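One structure coming up, written as structure tokens, with questions to follow.
The values are calculated or read from the model by the stated rules, or taken from the named source; none is laboratory data. All of these numbers come straight from a predicted model, not from anything done at the bench. Cβ: placed from backbone, ideal geometry, glycine included. Neighbour counts: every protein chain shown.
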Amino acid sequence: MNRTKGDEEEYWNSSKFKAFTFDDEDDELSQLKESKRAVNSLRDFVDDDDDDDLERVSWSGEPVGSRTRPGSFQSLSDALSDTPAKSYAPELGRPKGEYRDYSNDWSPSDTVRRLRKGKVCSLERFRSLQDKLQLLEEAVSMHDGNVITAVLIFLKRTLSKEILFRELEVRQVALRHLIHFLKEIGDQKLLLDLFRFLDRTEELALSHYREHLNIQDPDKRKEFLKTCIGLPFSSEDSAHIQDHYTLLERQIIIEANDRHLESAGQTEIFRKHPRKASILNMPLVTTLFYSCFYHYTEAEGTFSSPINLKKTFKIPDKQYVLTALAARAKLRAWNDVDALFTTKNWLGYTKKRAPIGFHRVVEILHKNNAPVQILQEYVNLVEDVDTKLNLATKFKCHDVVIDTCRDLKDRQQLLAYRSKVDKGSAEEEKIDALLSSSQIRWKN
Amino acid sequence: MAFPHRPDAPELPDFSMLKRLARDQLIYLLEQLPGKKDLFIEADLMSPLDRIANVSILKQHEVDKLYKVENKPALSSSEQLCFLVRPRIKNMRYIASLVNADKLAGRTRKYKVIFSPQKFYACEMVLEEEGIYGDVSCDEWAFSLLPLDVDLLSMELPEFFRDYFLEGDQRWINTVAQALHLLSTLYGPFPNCYGIGRCAKMAYELWRNLEEEEDGETKGRRPEIGHIFLLDRDVDFVTALCSQVVYEGLVDDTFRIKCGSVDFGPEVTSSDKSLKVLLNAEDKVFNEIRNEHFSNVFGFLSQKARNLQAQYDRRRGMDIKQMKNFVSQELKGLKQEHRLLSLHIGACESIMKKKTKQDFQELIKTEHALLEGFNIRESTSYIEEHIDRQVSPIESLRLMCLLSITENGDARCSSDTHYGPEHLLTFSNLRRAGLLTEQAPGDTLTAVESKVSKLVTDKAAGKITDAFSSLAKRSNFRAISKKLNLIPRVDGEYDLKVPRDMAYVFSGAYVPLSCRIIEQVLERRSWQGLDEVVRLLNCSDFAFTDMTKEDKASSESLRLILVVFLGGCTFSEISALRFLGREKGYRFIFLTTAVTNSARLMEAMSEVKA
């Protein structure tokens, strides 16, 4: 290490090296001044050595030379040749608990610096509130979260929680560290106290609610959720909490019932399509899908009927239709699909209507491998002609494509499509018939 | 295709030294526990460990059996147990349960915990509380920089993102500072430093402190890397939230690249088994397509396949001697290329299949509309439908965040009713992290602020206000986008084969904000003239420059730039900056806390059981 003279002067005089002013040994210490080289080595030794090493070796009065870093030590002992080495060595190797004897050893800034290096460093000597806060502020201004937490652990242990909370309220960075620390070690009680103190009611509620994740037993979890209902959530969240409780309550009933049905083996739907997993703790939409799959025809009064779920949880129309469609299509229950989009007006005429748009219906049906006849029916219901043509082409609904081209009087497109159908097929014949027809006034 | 670097582009420093250092340090630590021992490794450390050492190295240093750290009783019968873990509370509890079980059974063994990359006081506190402090010895394995590629260093700390940007915990800042210190020790000082973001500034300051304390080491060294740029992830969430369409990003989004390698399943390998493949510059095929827009990749691969065929075909008509030459010299290379080609073709097919199923086209269209700020109503209803269909909860969340940030919280889908009650906590987290901004309940915030400021002196009040700013901040994306020209004006088709700007990584629709900021600052060598942008980014106090008069810096080193992403970077950003580098004759080196993508960001925000 090459220090310039100026550096060394500053090094020696600056307060941050006070640490080495061993109180009762001023005389011997003054001799140290004579050897700057030695000082540097001392700094090396103290600052860079791993305190773990020092700790592992419990001091037994042996000469320090037995330590692991002879290089550093050598220069130290050279410099101290006429002072009793032993009087320094115990200080260096002293177990952390004993540091309290040396109340002026480390300034707050030296202390946090040592902490940053991962060294064992007792904080016990910071007893006045002012000292503690100064220590905390030094830690915060250094930015190292690990050190901030270390100081907070100390503060948490040595301050009443009211004082700790009060001081942290105006120290947001430290406060966030404490909150995270409490979350991590799972000190839920103190965390809730803290939120209560800070008047952070929503966080308090969320934090309490979060606990449900750790409860495995469905009945216990349900009971726990019940305790969350009255908590001060935002109005939106309150509704969700209520829903969450009701949903789990439902799921418990449905699960018990269906497990029974399935094992009895009497119900066709469970025989044909055994359940892949329990419905407990599944999301709302999954539950709706499940109910559309296994309990579609049930009357509204039962807990497991889709309509009942829809009403209880105010599931929007679109979401309901999408889910029901996916479930019924998966079962290839085309009549149900048909019924889903059939509405009757007051004169008794039926009309097809889809809140999600028929283009979407077609895509979902296709994903569920619906046969062309079914697809065709819904492609025809797509209002926008371009979209209809695109979908019909994409899903090979030849009749729809051909009829649409005819309606559009688009001879060119029909001609082009002819190459896409199989040679000698009925579709080809149909196209040829149209192309040769004199009835149609083609636009091109 | 596979643009070459400019001839004057600087050489990259050799980062393999970092691997050697880490390995040697680990060996040293293992040797601290002489004799046979069983090693328990945390799952998250396995892949990084794989990249620098292998089992036989561990065995050479008397590691007997290897176990994964998981919450199960240990079956080890060894007299010495060594744990290689991240500094996490749950690991401490696990170790404590083992040690205490041994104690109960009257069994004495030696225990050593090696924390990587460093230990935390909270961990030691748990050891103390559990009554095993002193029974276990602790060490640190400062392995914080893993070279994943010639230009990519990863700290492999995905938790950085949640810890800092959600919880406000600054525990990893020292780790970053230490890593930067190590780099400057090995590769010389960085004459030009820039940064933006609160965390960037803190990391920079801590690093500087470190250098001052240990000065002398880097002084007088010739700088190898001329610039360093630190950037917080929350300066630009938008880019990280977008679907990726350059090949490497797409592979990451689809198959998840983990620690520089990917598991290609049977659908890719077209055999019955999965294959673990390293993806880096050494894979010659991959190296040529990694930065390409996906639409070019197929064409490129089939051209490659034809060339390969032609080379194989040369065999015909060879005489014996030529054939012998061919077999001994070329065949191996051709076979290797063949293998890689068929892998990447398989990957492309699989990506195509998956993306078609997801209506990727429509998704991308919506994303572009959000970025450009038109048809907001249409996009909103697309997202609502996405939620309704429960296509993928993570995807829906991502789109909602994108909508909310690009529209500054003004547009909102009626998500809550659609989303179901189970995502309450996730939503709350997204809001806290600023990924979901809702129209500010302005009054509430002011009330809290004024309450707090009453309690403190004026000077401190300023500080508190900015502690709150992360909660209150609006994204201002639209204004920033305009200022920085993030949406390129295109006359006609954007030619993705011959990209003209970094927007190509998003099909020509959007220049990644993070990369644009870096480009602008490097151009000016300062933040001058970017005040308004910085203000809009809510970073007025956190944009900094620091230049040292460094006449020793060679002109070559001044074209090498280390970009540090705090909170993760995406492959799209890496590709964009590689492109910028080729255009300007720079080379970028990436240091990231972890490689991320939109799904990882969203997953980091969800709550799971403790």
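On the given criteria, is residue B:87 assigned to a loop (DSSP other than H, G, I, E, B), within 14 Å of another protein chain (Cβ to nearest Cβ) and closer than 30 Å to residue A:182 by Cα?
yes
Here's a follow-up. Is it fair to say residue A:135 is in a loop (DSSP other than H, G, I, E, B) and either buried (at least 23 other Cβ atoms within 10 Å of the Cβ) or more than 10 Å from chain B (Cβ to nearest Cβ) (or both)?
no
Also: For segment A:323-342, state whether one or more residues are in contact with a His (Cβ under 8 Å, 6 or more places away or on another chain), modelled with pLDDT of 85 or more and more than 14 Å from every other protein chain (Cβ to nearest Cβ).
Among the residues of segment A:323-342, at least one is in contact with a His (Cβ under 8 Å, 6 or more places away or on another chain), modelled with pLDDT of 85 or more and more than 14 Å from every other protein chain (Cβ to nearest Cβ), which makes the answer yes.
Is one or more of the residues making up segment B:80-98 closer than 30 Å to residue B:587 by Cβ, of a type outside the set (Lys, Arg), in contact with a helix residue (DSSP H, G or I) (Cβ under 9 Å, 6 or more places away or on another chain) and surrounded by 19 or more Cβ atoms within 10 Å (Cβ to Cβ)? Give the derivation first.
Step one: filter segment B:80-98 for residues closer than 30 Å to residue B:587 by Cβ, giving none.
No.
Specify the residue that is farthest from the other protein chains (Cβ to nearest Cβ); the eligible residues are those in segment A:230-247 that are touching a Pro at 6+ places or on another chain (Cβ under 8 Å) and over 21 Å from residue A:199 (Cβ atoms).
Step one: filter segment A:230-247 for residues touching a Pro at 6+ places or on another chain (Cβ under 8 Å), giving A:240-241, A:243-244, A:247.
After this cut, where a residue has to be over 21 Å from residue A:199 (Cβ atoms) as well, the list is A:240, A:243-244, A:247.
Numbers: A:240: 4, A:243: 4, A:244: 4, A:247: 6 Å.
Within segment A:230-247, the match that is farthest from the other protein chains (Cβ to nearest Cβ) is A:247.
In segment B:128-243, which strands (runs of 3 or more DSSP E) lie fully inside it and hold 2 or more residues that are facing another protein chain (nearest Cβ under 10 Å), in contact (Cβ under 8 Å) with a residue 24 or more places away in the chain and farther than 30 Å from residue B:484 by Cβ?
Once the strands (runs of 3 or more DSSP E) in segment B:128-243 are filtered for at least 2 residues that are facing another protein chain (nearest Cβ under 10 Å), in contact (Cβ under 8 Å) with a residue 24 or more places away in the chain and farther than 30 Å from residue B:484 by Cβ, what remains is B:136-140.
Can you tell me which condition residue A:419 does not meet? The list is (1) more than 22 Å from residue A:373 (Cα to Cα); (2) loosely packed, with under 11 Cβ neighbours inside 10 Å, and all the others hold.
So residue A:419 meets the others, but not (1).
Kindly indicate whether residue A:124 is acidic (Asp, Glu) and at pLDDT below 95.
Working: acidic (Asp, Glu): yes; at pLDDT below 95: yes.
The answer is yes for residue A:124.
Checking residue B:438 against (1) in a helix (DSSP H, G or I); (2) of a type in the set (D, E, K, R); (3) at pLDDT 50 or above: exactly one of these is not met. Which one?
(1)
Would you confirm, using the coordinates I've provided, whether residue A:312 is modelled with pLDDT under 90 and either β-branched (Val, Ile, Thr) or in the same structural domain as residue A:271 (by the TED database) (or both)?
So residue A:312 fails the test.
So, one more: Considering only residues that are within 12 Å of chain B (Cβ to nearest Cβ) and in a helix (DSSP H, G or I), look in segment A:208-224 and name the one that is nearest to residue A:162 (Cα to Cα).
A:208
Moving to a separate point now. Could you pull out the residue among B:41, B:27 that is over 23 Å from residue A:184 (Cα atoms) and not assigned by the TED database to the domain that holds residue B:581?
Criteria check complete, one pass: B:27.
Inside segment A:146-175, can you point out the residues that are facing another protein chain (nearest Cβ under 7 Å) and buried (at least 21 other Cβ atoms within 10 Å of the Cβ)?
Result: A:146, A:148, A:149, A:150, A:173.
Oh, and also: Pick from segment B:335-364 the residues that are of a type in the set (Val, Ile, Thr) and under 25 Å from the mean Cα position of the chain (by Cα): which of them is surrounded by the fewest Cβ atoms within 10 Å (Cβ to Cβ)?
B:364
Now for a separate question. Being more than 30 Å from residue B:407 (Cβ to Cβ), at pLDDT 95 or above and among the acidic types (Asp, Glu) is the filter here, so list the residues in segment B:186-243 that pass it.
Within segment B:186-243, just B:205 meets the criteria.
In addition: So is residue A:227 within 14 Å of chain B (Cβ to nearest Cβ), surrounded by fewer than 16 Cβ atoms within 10 Å (Cβ to Cβ) and out of contact with any helix residue (DSSP H, G or I) (no Cβ under 7 Å at 6 or more places or on another chain) or not? First the steps, then the outcome.
Numbers: within 14 Å of chain B (Cβ to nearest Cβ): no; surrounded by fewer than 16 Cβ atoms within 10 Å (Cβ to Cβ): yes; out of contact with any helix residue (DSSP H, G or I) (no Cβ under 7 Å at 6 or more places or on another chain): yes.
So residue A:227 does not fit the description; no.
Consider residue B:385 against the criteria (1) at pLDDT below 90; (2) part of a helix (DSSP H, G or I); (3) within 19 Å of residue B:511 (Cα to Cα): it satisfies all of them except one. Which criterion is unmet?
So residue B:385 meets the others, but not (3).
Out of the residues in segment A:179-189 meeting the condition of being closer than 20 Å to residue B:127 by Cβ and facing chain B (nearest Cβ under 8 Å), tell me which one is surrounded by the fewest Cβ atoms within 10 Å (Cβ to Cβ).
Restricting to residues being closer than 20 Å to residue B:127 by Cβ and facing chain B (nearest Cβ under 8 Å), the top hit is A:186.
Let me ask you something else. In the set A:116, A:210, which member is in the same structural domain as residue A:223 (by the TED database), at pLDDT below 95, crowded, with 18+ Cβ neighbours inside 10 Å and charged (D, E, K, R)? Can you show your working first?
Working: A:116 fails: in the same structural domain as residue A:223 (by the TED database).
When all the criteria are applied, what remains is A:210.
This table checks each residue for (1) over 31 Å from the mean Cα position of the chain (by Cα); (2) modelled with pLDDT of 90 or more; (3) in the same structural domain as residue A:241 (by the TED database); (4) not polar (S, T, N, Q).
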site	(1), (2), (3), (4)
A:251	no, yes, yes, no
A:264	yes, no, yes, yes
A:267	yes, no, yes, no
A:273	yes, yes, yes, yes
A:280	no, yes, yes, yes
A:286	no, no, yes, no
A:290	no, yes, yes, yes
A:299	yes, no, yes, yes
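Hey, among B:579, B:544, which residue is among the aromatic types (Phe, Trp, Tyr), surrounded by 15 or more Cβ atoms within 10 Å (Cβ to Cβ) and closer than 16 Å to residue B:228 by Cα?
Numbers: B:579 fails: closer than 16 Å to residue B:228 by Cα.
Result: B:544 is the single residue among B:579, B:544 that is among the aromatic types (Phe, Trp, Tyr), surrounded by 15 or more Cβ atoms within 10 Å (Cβ to Cβ) and closer than 16 Å to residue B:228 by Cα.
With (1) hydroxyl-bearing (Ser, Thr, Tyr); (2) under 30 Å from residue B:394 (Cα atoms); (3) within 14 Å of another protein chain (Cβ to nearest Cβ) as the list, and residue B:269 as the residue in question, which single condition is left unmet?
The number of the failed condition is (3).
Counting just the residues of segment B:1-44 that are more than 27 Å from the chain's Cα centre (by Cα) and assigned to a strand (DSSP E or B), which one comes out farthest from residue B:301 (Cα to Cα)?
The residue in question is B:37.
Tell me, please, whether a residue that is farther than 26 Å from residue B:288 by Cα, more than 14 Å from every other protein chain (Cβ to nearest Cβ) and of a type in the set (A, V, I, L, M, F, W, C) can be found in segment B:578-586.
Checked segment B:578-586: no residue is farther than 26 Å from residue B:288 by Cα, more than 14 Å from every other protein chain (Cβ to nearest Cβ) and of a type in the set (A, V, I, L, M, F, W, C).
Turning to a different aspect of this structure: Restricting segment A:190-207 to residues that are crowded, with 19+ Cβ neighbours inside 10 Å and of a type in the set (A, V, I, L, M), which is nearest to the other protein chains (Cβ to nearest Cβ)?
Only one residue fits best here, namely A:206.
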